[in-house]
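As structure tokens, the structure follows; a few thoughts come after it.
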Amino acid sequence: MESPFKAEVLKGKVALITGGGSGIGFEISTQFGKHGASIAIMGRRKQVLDFAVSALHSQGIQAVGFEGDVRKQEDAKRVVESTFKHFGSLDILVNAAAGNFLVSAEDLSPNGFRTVMDIDSVGTFTMCHEALKYLKKGGPGRNSSGGGTILNISATLHYTASWYQIHVSAAKAAVDATTRNLALEWGTDYDIRVNGIAPGPISDTPGMSKLAPDEINSRSKDYMPLYKLGEKWDIAMAAIYLASDAGKFINGTILIVDGGLWLSRPRHLPKEEVKQLSRAVEKRSRDKPIGVPTSKL
Ligand code: COA
């Protein structure tokens, strides 16, 4: 689908995207590149990185891949520095790296819980921490016009509760808290905008194939009225909006991109009956003699 944004909306910007070699991260890399940004992607698997970088090059996008694990502070530091050395600045950090699997709370070991917290929550903070020096107003490679921006990808799982996702719900709640706190501190001190995107179920991603294999996916439509799949493109467009000047006054927001799914509740009354019933209830309460309990009517 064609982008509604101008092709040069991110021209001259340098973006580092963790987990940028696959899924939502790769789509953000591609769309940022198509809108003028130079792209550094960070990931654990060399093969995935090489494939992604050559796909970006084939579209005329300036791109480089750096191997690294967001759980290791030394990797985070090295990759941030390498991005700066390679492109001469760092304007946008996108934390898209994540880990996930379906498991009931009773079958999840504390180490399994910790592993996802380490990747999603601590990893996000570590990347932000290492990137601060380059993103802050007046930092190396920055002109005096202002600070850079950070986008953290979370989820909507923790808004209520999610079956078999205790570890990810906890981790994404921490990511959202990190987004807001950094927006407050670094927005004020360093002119860095920090925002988040909370995707709903997005088709054709590693997350979807792990969390909602086809068997579950088709059943979800039966009991979740708003159940629809989004596209990676939807998340990338939200990312362009927040990272570009279109979002220049947006700081500390977590933009939900899920088609309204998190509001989903089964319809308890057919639409046609609402009007009739509502009028009957109104009439009953109007006609109620004062002092008579409603249960006696
Ligand atoms: N069910 C229950 N526990 C699981 C599990 C599963 N499906 N997969 C891993 N774990 C547990 C392990 O048993 C281990 O705990 P233990 O030491 O108590 O046994 C712990 O998690 C770490 O597992 P390990 O395989 O050593 O971690 P890893 O660092 O190699 O891999 C994962 C990290 C598990 C998150 C892996 O799924 C991953 O790399 N994911 C990245 C890609 C991804 O998930 N993308 C989707 C994003 S939405």
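The values are calculated or read from the model by the stated rules, or taken from the named source; none is laboratory data. Predicted model, so just to flag it, every value in this text is computed and none were measured. Here Cβ is always computed from backbone atoms with ideal geometry, including for glycine, and neighbour counts include all displayed protein chains. Accessible surface is based on the protein model in full, side chains and every heavy atom, while ligands, DNA and RNA are left aside. Shrake-Rupley method; radii C 1.70, N 1.55, O 1.52, S 1.80 Å.
When the stretch 153-185 is filtered for residues that are assigned to a helix (DSSP H, G or I) and touching a Leu at 6+ places or on another chain (Cβ under 7 Å), the ones remaining, listed by number, are Ile166, His167, Val168, Ser169, Lys172. If the condition is being within 16 Å of the ligand (Cβ to nearest atom), part of a helix (DSSP H, G or I) and either open to solvent by less than 60 Å² (accessible area, probe 1.4 Å) or on the phi > 0 side of the Ramachandran plot (or both), then the stretch 106-151 contributes Gly112, Thr115, Val116, Met117, Asp118, Ile119, Asp120, Ser121, Gly123, Thr124, Thr126, Met127. Filtering the stretch 247-261 to residues that are surrounded by fewer than 16 Cβ atoms within 10 Å (Cβ to Cβ) and either assigned to a helix (DSSP H, G or I) or of a type in the set (D, E, K, R) (or both) leaves only Lys248.
A quick yes/no check of all residues on (1) modelled with pLDDT of 95 or more; (2) of a type outside the set (D, E, K, R):
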position	(1), (2)
Met1	no, yes
Lys6	yes, no
Ala15	yes, yes
Gly20	yes, yes
Ser29	yes, yes
Phe32	yes, yes
His35	yes, yes
Ile41	yes, yes
Gln47	yes, yes
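Name the residues in the stretch 86-100 that are within 21 Å of Asp176 (Cβ to Cβ) and not in a strand (DSSP E or B), would you? Steps first, answer last, please.
Filtering the stretch 86-100 down to residues within 21 Å of Asp176 (Cβ to Cβ) leaves 92-100.
Once the filter is applied, which keeps residues that are within 21 Å of Asp176 (Cβ to Cβ) and not in a strand (DSSP E or B), the stretch 86-100 yields Ala96, Ala97, Ala98, Gly99, Asn100.
The numbered conditions (1) closer than 22 Å to Ser121 by Cα; (2) within 16 Å of the ligand (Cβ to nearest atom); (3) aliphatic (A, V, I, L, M) are all true for Ile216 except (1).
Anything in the stretch 191-250 that is among the acidic types (Asp, Glu), farther than 27 Å from Glu8 by Cα and either free of Cβ contacts under 8 Å to residues at least 12 places away in the same chain or touching a strand residue (DSSP E or B) at 6+ places or on another chain (Cβ under 6 Å) (or both)? List them, or say none. Scanning the stretch 191-250 gives Asp214, Glu215, Asp222.
Do we find that Thr83 is assigned to a helix (DSSP H, G or I), within 13 Å of the ligand (Cβ to nearest atom), polar (S, T, N, Q) and within 26 Å of Ala198 (Cβ to Cβ) in this structure? Spell out how you get there, then give the answer.
Numbers: assigned to a helix (DSSP H, G or I): yes; within 13 Å of the ligand (Cβ to nearest atom): no; polar (S, T, N, Q): yes; within 26 Å of Ala198 (Cβ to Cβ): yes.
No.
Among the residues of the stretch 1-33, those identified as open to solvent by less than 40 Å² (accessible area, probe 1.4 Å), within 18 Å of Ile202 (Cβ to Cβ) and either more than 16 Å from the ligand (Cβ to nearest atom) or assigned to a helix (DSSP H, G or I) (or both) are Ser3, Gly23, Ile24, Gly25, Glu27, Ile28, Ser29, Thr30, Gln31, Phe32. Quick check: is even one residue across the stretch 263-279 in contact with a helix residue (DSSP H, G or I) (Cβ under 7 Å, 6 or more places away or on another chain) and either surrounded by 10 or more Cβ atoms within 10 Å (Cβ to Cβ) or within 21 Å of Tyr164 (Cβ to Cβ) (or both)? Yes, because at least one residue in the stretch 263-279 is in contact with a helix residue (DSSP H, G or I) (Cβ under 7 Å, 6 or more places away or on another chain) and either surrounded by 10 or more Cβ atoms within 10 Å (Cβ to Cβ) or within 21 Å of Tyr164 (Cβ to Cβ) (or both).
Being within 19 Å of Leu10 (Cα to Cα), of a type in the set (Gly, Ala, Ser) and surrounded by fewer than 17 Cβ atoms within 10 Å (Cβ to Cβ) is not true of Gly36.
Give the stretch 252-268 a look and list any residue that's out of contact with any Phe, Trp or Tyr (no Cβ under 9 Å at 6 or more places or on another chain) and in contact (Cβ under 8 Å) with a residue 40 or more places away in the chain, or say none.
So the first thing to find is which residues in the stretch 252-268 are out of contact with any Phe, Trp or Tyr (no Cβ under 9 Å at 6 or more places or on another chain), and the list is 252-254, 257-258, 260, 263, 265, 267-268.
Selection gives Gly252, Thr253, Ile254, Val257, Asp258, Arg265, Arg267.
Looking only at the stretch 171-185, residues that are more than 14 Å from Ala98 (Cα to Cα) and in contact with a helix residue (DSSP H, G or I) (Cβ under 7 Å, 6 or more places away or on another chain) come to 2 in all.
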